[in-house]
Amino acid sequence: MSGLIPGRECGGCTVCCTSLVIDTPEFKKISGIPCQHLGEQGCGIHETRYPVCRQWFCAWRRAAFLDDWWRPDRSGVLVYVTDTHIPSHFPRRTGLIFKIVGDPAVISDDRFIWQIADLIHGGTAVFLAVSGPPGHESSRTFLNDEMAASGRSPPTVHIRQSVARAAAMASSARTMASRYATSMQRSLLGAG
Ligand code: SF4
Ligand code: SF4
């Protein structure tokens, strides 16, 4: 996956400006809150935006196999490349994160299921991620191992079961992170 798809623009999408953590020397923001420069018309400093903002693009901007349905603000799924947390036994060192940023029901959508099935079948490392509370890292599950654990060939029923299992695990981690965040806030406020 290299370069950008000609003619494909972000349009009204600003998902990455809210969803992602940014930690660069020039600019930092926590995950899950809109960037301070984000306005109704998009980036308020577009002409002078930070290097990371100029260089980072989601997979929808880079990969032709993700059609228009996959624009993150439409699909509710932010897909992007990762080179971290890939298990050492997996042969490839880069993969894709499918982060749910909208309606969680998307995990039952055939387009979502089949795309993940195709990628896994082709040997791409694929993670399912669910956002945590603002400031927390997303919970992510390595779907390739989930599929392998199902013991049969993809896709359909086993993909659905694996995605549902991964989503449940990620949601449970998110709930624990929320509780932790709430309890930390209480502690900091001296409420117990
Ligand atoms: S998530 Fe992708 S399409 Fe949306 S603003 Fe970011 S790079 Fe553009
Ligand atoms: S500076 Fe602009 S492009 Fe960068 S995260 Fe903020 S709103 Fe988005």
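Values in this text are rule-based calculations from the coordinates and carry no lab data. For clarity, every value in this text was computed on a predicted model and none was experimentally measured. A quick note on method: Cβ atoms are made from the backbone with ideal geometry, for glycine too, and the neighbour counts reach across all protein chains shown.
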- In a shell of Cβ-Cβ distance under 15 Å around residue 125, excluding residue 125 itself, what net charge do Lys and Arg (+1) and Asp and Glu (-1) give? 0
- Message: With only alpha-carbon pairs counted, each pair once and no self-pairs, how large is the Kirkwood hydrodynamic radius of segment 13-56 in angstroms?
- Response: 10.6
- Query: Name the GluC sites (Glu not before Pro) in segment 1-49 that are in a loop by DSSP and that have at most 16 other C-beta atoms within 10 Å, would you?
  - Reply: 9, 26, 40
- Give, to the nearest whole percent, the P(r) tail of segment 1-81 beyond 14 angstrom, counting all Cα pairs. 63
